[in-house]
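K.L.:
Structure incoming, see below.
The values are calculated or read from the model by the stated rules, or taken from the named source; none is laboratory data. As the structure is a computational prediction, the values presented were derived from the model and not from experiment. Virtual Cβ from ideal backbone geometry, glycine too; neighbours counted across all protein chains shown. For accessibility, only protein heavy atoms count, side chains too; no ligands or nucleic acids. Shrake-Rupley method; radii C 1.70, N 1.55, O 1.52, S 1.80 Å.
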Protein chains: 4
Amino acid sequence: MANSRFEYVRNFEQPDPLLPNTWIVVRVDGRAFTKMCAKYKFEKPNDRRALDLMNTAAKAVIADLPEITLAYGVSDEYSFVFHKSTNLFERRSSKLVSTVVSTFTSNYVYSWFSHFPDTPLSFPLPTFDGRAVLYPTIQNLRDYLSWRQADCHINNLYNTAFWSLIQLGGMENKEAEQALAGTLAADKNEILFSKFGINYNREPEIFKKGSVIFRDYELVEPASHNTAETVDAQAEPVQQSKKQTENDKKRRSKAAIVVDHLDIIKDEFWDRRPWILSNKPGKIPKEV
Amino acid sequence: MANSRFEYVRNFEQPDPLLPNTWIVVRVDGRAFTKMCAKYKFEKPNDRRALDLMNTAAKAVIADLPEITLAYGVSDEYSFVFHKSTNLFERRSSKLVSTVVSTFTSNYVYSWFSHFPDTPLSFPLPTFDGRAVLYPTIQNLRDYLSWRQADCHINNLYNTAFWSLIQLGGMENKEAEQALAGTLAADKNEILFSKFGINYNREPEIFKKGSVIFRDYELVEPASHNTAETVDAQAEPVQQSKKQTENDKKRRSKAAIVVDHLDIIKDEFWDRRPWILSNKPGKIPKEV
Amino acid sequence: MANSRFEYVRNFEQPDPLLPNTWIVVRVDGRAFTKMCAKYKFEKPNDRRALDLMNTAAKAVIADLPEITLAYGVSDEYSFVFHKSTNLFERRSSKLVSTVVSTFTSNYVYSWFSHFPDTPLSFPLPTFDGRAVLYPTIQNLRDYLSWRQADCHINNLYNTAFWSLIQLGGMENKEAEQALAGTLAADKNEILFSKFGINYNREPEIFKKGSVIFRDYELVEPASHNTAETVDAQAEPVQQSKKQTENDKKRRSKAAIVVDHLDIIKDEFWDRRPWILSNKPGKIPKEV
Amino acid sequence: MANSRFEYVRNFEQPDPLLPNTWIVVRVDGRAFTKMCAKYKFEKPNDRRALDLMNTAAKAVIADLPEITLAYGVSDEYSFVFHKSTNLFERRSSKLVSTVVSTFTSNYVYSWFSHFPDTPLSFPLPTFDGRAVLYPTIQNLRDYLSWRQADCHINNLYNTAFWSLIQLGGMENKEAEQALAGTLAADKNEILFSKFGINYNREPEIFKKGSVIFRDYELVEPASHNTAETVDAQAEPVQQSKKQTENDKKRRSKAAIVVDHLDIIKDEFWDRRPWILSNKPGKIPKEV
């Protein structure tokens, strides 16, 4: 049963390397999550347990793949940003996407019980799909992330108003839809406040801003370094010594991976955390 | 916080449709399974529980995605064959690969406990990667599957001899390696039989042949239909009525999904199960 | 001026191999040929000199690249079919497309003078673009070619009627358009015959069928060999001896490259010329 | 002869858009130019007529495709740089590559006679192949161009020494090869000067530096604007009014397209011609 006469089939494997020196975003999306929400009775408009579970799974992905410099999640989607200098898996698209999706899924299912102790999983199980998108510049990358966060805000304001009209105002779905048709953000804020005494600004940050995950170091004074806008222009490819690479790796492994709910559209987030775009680990904060 | 100025980033998404009218094989592989085997003390040379878990996960993938016509698994890898006529997810590569990998992973982690009740999972969790490969003809597809099954046989014979020398013969790894260096299949059979009284042919089929999963219908007499060799030549694309498609779907959903350990290199397997390559459901066997 | 610090830029070159064992069609199209027709006063509805020049250029492409098994041309487009077994340029898409387009263009410009001795070229010069499309089966390939030839027929019948109404019937463009709006093929035949005494069936074959170019061998009796439908099913990849390959090459180089205007939609063309799909050279016809 | 049953074949056309916001370099190379050199007796080590013909063809490509911001040529190769903002042909790779290659070839063949009036073309005609490569940053793009120009220098110094040893020194090819084996640049300079009285620095710039083609405007004082290093960092995508785009187009069409032989490795070339990287036309120089 010699194998050699079949081996020609390896020639059918096509290469799929992603262009070097571009930011790789692997975006993971829940499959058929509308059904999932109904089946497991997720709370409306936001189920805190479900969001925490997403964050738990995403944190595990970052712990497993240190080449990921940032992740941003909202609802049933998560975007993982690989630094543009990464050469993980020779930047093969399928390998990167499938590894991220599998690690995310594995942790989601495994951690389900801790977040939903009273709601056992049943078939069909939760699953996710994914894809990779390349962004050539920091501006493009930040605009992608801003797009997701702006989307989070727009959807959450709408959903908060929509479900208040139903849950607190006793409307039917159709009625609530009509009540909100054509309203601007200010109108929705007003409806929430005047009808239900809800100040949207005091809603939990995780609902309004989504979740951002990154390795944490000491915050930096923006004036003390090149700000995000100029990092693209630095000469590439930066060649650093093996020892330096080892040191970076060690420092990175000591950094805490934090989940926070910050504005990532404005510059401040980036200016105070230069390590996210530079890929150079910062200072480990002193323990108090 | 208008979203429109960021939306241009959608232009960075690149299309990745797979060529129509070709067989799509999505191959899933365990990541770092050598470490996994050690960590969870998988039995050598084959751990029946681990193989059964792989099969459970693969079966769930096929139940979830009826467009898969066959799957073949060995060790920590599984190949899922989508019929060449499938238009699932518009044949987008990332979507197909990530969905299969996620569904496989989800079921693997979920079903771990039933197969390893005494061995709880711990971090890092088991994960898988995947990729899609296209095969234009039935011959190419069958040669791919033959390649995997021939590989299974070659590795299993080697591993069975290797671990017998260690576990039963008391050798060190190095010694066993040297004892097998340069041996042919016949030599390994002879070593097993003369030294340890093991008749390799009586080893479990699942170890020698791997596992093949498919929907089961009544077996067909090979003479009664076009055999595999001529199916490629049929006119394409076959246009059938919606009603016919609906009927096929119903029959497919009634078919049992079976896990078996058969020779898929020879013609017989294919000749007696024409539905696998034709994608036309067969007769549901009568219950006894 | 050491070069090494720049060489990393080679990593940006992305591989672009075309899937093995599929038919490669490189399609060449004239750029801005409507303007060209006006500028060089091509005759309407067909300019025989322009078509002959296209054929001259296409013939040179086939002479230069023996891996091309057939070419089909109509109007300002030409399709070149590489046999599915070809490994020319390791099947790199850009290399194949650019080589065909460049060879076609080179010969078109060079041979312009022989076909338009009274009409010198001027800037901007005639140019062509191109792309590669893969067809997995003979049926798909033949359907592609049938599509182009059916298109040729449909367009030519329309154009013949349209320009007769203008050139012989004295209509304006708009009037002719309206006269033909909604007419079927039979109506156009009738208009041509009743108004202008033109029997469309007697129009030159090159106008009605386009041009097909191939290497010519002795025609074969269809019954004597496997017909086109079954060729796909033959075991692949065929491994033949080097000597056999050399013999094939020699015979191929002796074959005449002919331009003809035949029906390539029906089976007969293919059945009598099995070498086109099998890539096995036929018998060189005896000279009379 | 309804066409509709064949039209499904259009589904086999695969999309091939190039990633937005990256620099596109289409590189054109002569096919089998070693044979060409021999056949047409090109002078060694450089044939001025052949280089001028390459430049003539490249200039025509730039005149035809204003989206090209710069071209660099050496020997039988030419690199055409499309500005990263271009959306020409929706950035389809095959279309861009084939159009550039065809336009180059067309002009090369057409202009052959003006550059080689005594040497008629014969079959096989000169042809070129091409491919597209993406560079995400200005630094990557400039490093690519620096790589080509450094290559030009290294090859030309070697060839000048090599052919001097043969043509002036009476050596055989083998001897000349051995005489240069292991020599550094300084050694080759020394051989040229001491043996043949040739000062390499006084060799024609076109041989030492290759040829660079661009639209010419008034040179700029480097201090007066952002230098090349910072252009990448500018916010993207720049949206400008239609009127502004029209104005730019007009100014661009008035600019002279010049062929020069300048150092493009150092910053000065780029600092004084900011329009090449910014794609904003400069000032048209006043005629004297």
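K.L.:
May I ask you to compute the full-extension gain from D:Glu205 to D:Lys283, defined as 0.36 nm times their residue separation minus their alpha-carbon distance, rounded to one decimal in nm?
P.N.:
25.4 nm
K.L.:
Further question on the same structure: Once neighbouring chains are kept in place and the probe is 1.4 Å, which whole percent of the accessible area of the protein assembly as shown is contributed by carbon and sulfur?
P.N.:
52
K.L.:
To the nearest 20 debye, what is the magnitude of the charge dipole of chain B about its Cα centre, counting +1 on the Cβ of each Lys and Arg and -1 on the Cβ of each Asp and Glu?
P.N.:
The calculation lands at about 840 debye.
K.L.:
Could you tell me, in Å, what Rg and Dmax come out for the Cα atoms of region C:127-214?
P.N.:
In Å, with Rg to one decimal and Dmax whole: 16.2, 49.
K.L.:
As a check on your reading of the symmetry: which chain C residue has its Cβ nearest the axis that brings C onto A, and how far is it in Å?
P.N.:
Reported as residue, whole Å: C:Pro15, 2.
K.L.:
Here's something else I'd like to know. For all pairs of alpha-carbon atoms in chain D, what percent lies in each bin of width 10 Å, listed from the first bin to the last filled one?
P.N.:
6, 24, 30, 23, 13, 4, 1, 0
K.L.:
Starting from the 7 Å offset along Cα-to-Cβ, what nm value, one decimal, do you get for the label separation of B:Phe113 and C:Phe196?
P.N.:
8.2
K.L.:
Please report the buried accessible area for the interface of D with C, total over both chains, probe 1.4 Å, in Å² to the nearest 100.
P.N.:
Roughly 4500 Å² of accessible surface disappears when D and C pair.
K.L.:
I would also like to ask the following. Have a look at B:Ser98, B:Ala58, B:Asn11 and report the one farthest towards the positive end of the charge dipole of chain B, computed about the Cα centre with Cβ charges (Lys/Arg +1, Asp/Glu -1).
P.N.:
So the residue furthest toward the plus end is B:Asn11.
K.L.:
When only Cα pairs under 8 Å and 6 or more residues apart are kept, what is the percent relative contact order across chain A?
P.N.:
Once normalised by length, the contact order is 23 percent.
K.L.:
What are the distances, in nm and sorted shortest first, from the label point of C:Asp263 to the label points of the same position in each other copy, with each label point placed 7 Å from Cα along the Cα-to-Cβ direction?
P.N.:
Those separations, rounded to one decimal, come out as 4.8, 7.2, 7.4 nm.
K.L.:
Heads up, I need the accessible area for B:Lys44: 1.4 angstrom probe, whole protein in place, Å², nearest 10.
P.N.:
90
K.L.:
Report D for the protein assembly as shown in µm² per second (integer): Stokes-Einstein, Kirkwood Rh on Cα pairs, 4 °C, 1.567 mPa s.
P.N.:
After rounding, the answer is 38 µm²/s.
K.L.:
How much FRET efficiency would the formula 1/(1 + (r/R0)^6) give for C:Ser122 and D:Glu177, where r is the Cβ-Cβ distance and R0 is 35 Å, rounded to 0.05?
P.N.:
The formula returns an efficiency of 0.15 here.
K.L.:
On to the next question. Return the distance in nm (one decimal) between the two label points of a simple spin-label model at A:Ala32 and B:Lys35, each offset 7 Å from Cα along Cα→Cβ.
P.N.:
Placing both labels 7 Å along Cα→Cβ, they lie 3.3 nm apart.
K.L.:
Of all chymotrypsin sites (Phe, Trp or Tyr not before Pro) in region B:61-152, which ones are in loop regions per DSSP and have a Cβ with at most 15 other Cβ atoms within 10 Å?
P.N.:
Qualifying residues, ordered by number: none.
K.L.:
Distances from B:Leu168 to the same residue in each other copy, label points 7 Å out along Cα→Cβ, in nm, shortest first?
P.N.:
Counterpart label points of B:Leu168 in the remaining copies fall at 7.5, 8.2, 9.2 nm.
K.L.:
Give the residues of region A:195-209 whose amide nitrogen is closer than 15 Å to a point set 7 Å from the Cα of A:Leu168 in the direction of its Cβ.
P.N.:
In region A:195-209, the label zone of A:Leu168 (backbone N under 15 Å from the point 7 Å along Cα→Cβ) covers A:195-204.
K.L.:
Between copies, how close do the D:Glu7 label points come, placed 7 Å along Cα→Cβ, listed in nm from shortest?
P.N.:
Spacings between copies for this position, smallest first, are 3.0, 4.8, 5.3 nm.
K.L.:
Considering just Cα atoms, how many Å³ per residue does the convex hull of region B:99-169 enclose?
P.N.:
So the per-residue Cα hull volume is 146 Å³.
K.L.:
Using only alpha-carbon positions, what ratio does the radius of gyration of region B:50-195 give when scaled by 2.2 N^0.38 Å?
P.N.:
1.30
K.L.:
Still on this structure, I have one more. Inside 10 Å of the C-beta atoms of B:140-151, what's the mean count of C-beta atoms belonging to other chains?
P.N.:
Average per residue, whole number: 5.
K.L.:
Based on DSSP H runs of at least 4 residues, each adding -39500 (n - 2.57), what is the mean residue ellipticity at 222 nm of the protein assembly as shown after dividing by all its residues, to the nearest 500 deg cm²/dmol?
P.N.:
-13500 deg cm²/dmol
K.L.:
Okay, moving on. Can you pull out the trypsin sites (Lys or Arg not before Pro) in region C:29-103 that DSSP calls coil and that have at most 14 other Cβ atoms within 10 Å?
P.N.:
Sites meeting the loop and neighbour criteria: C:Lys41.
K.L.:
Per residue, how much accessible area does the protein assembly as shown have with a 1.4 Å probe, in Å²?
P.N.:
47
K.L.:
Okay, moving on. Between C:Pro45, C:Pro204, C:Pro120, which gets the highest mean-square fluctuation from a Gaussian network model of chain C, Cα cutoff 10 Å?
P.N.:
Its mean-square fluctuation being the largest, the pick is C:Pro120.
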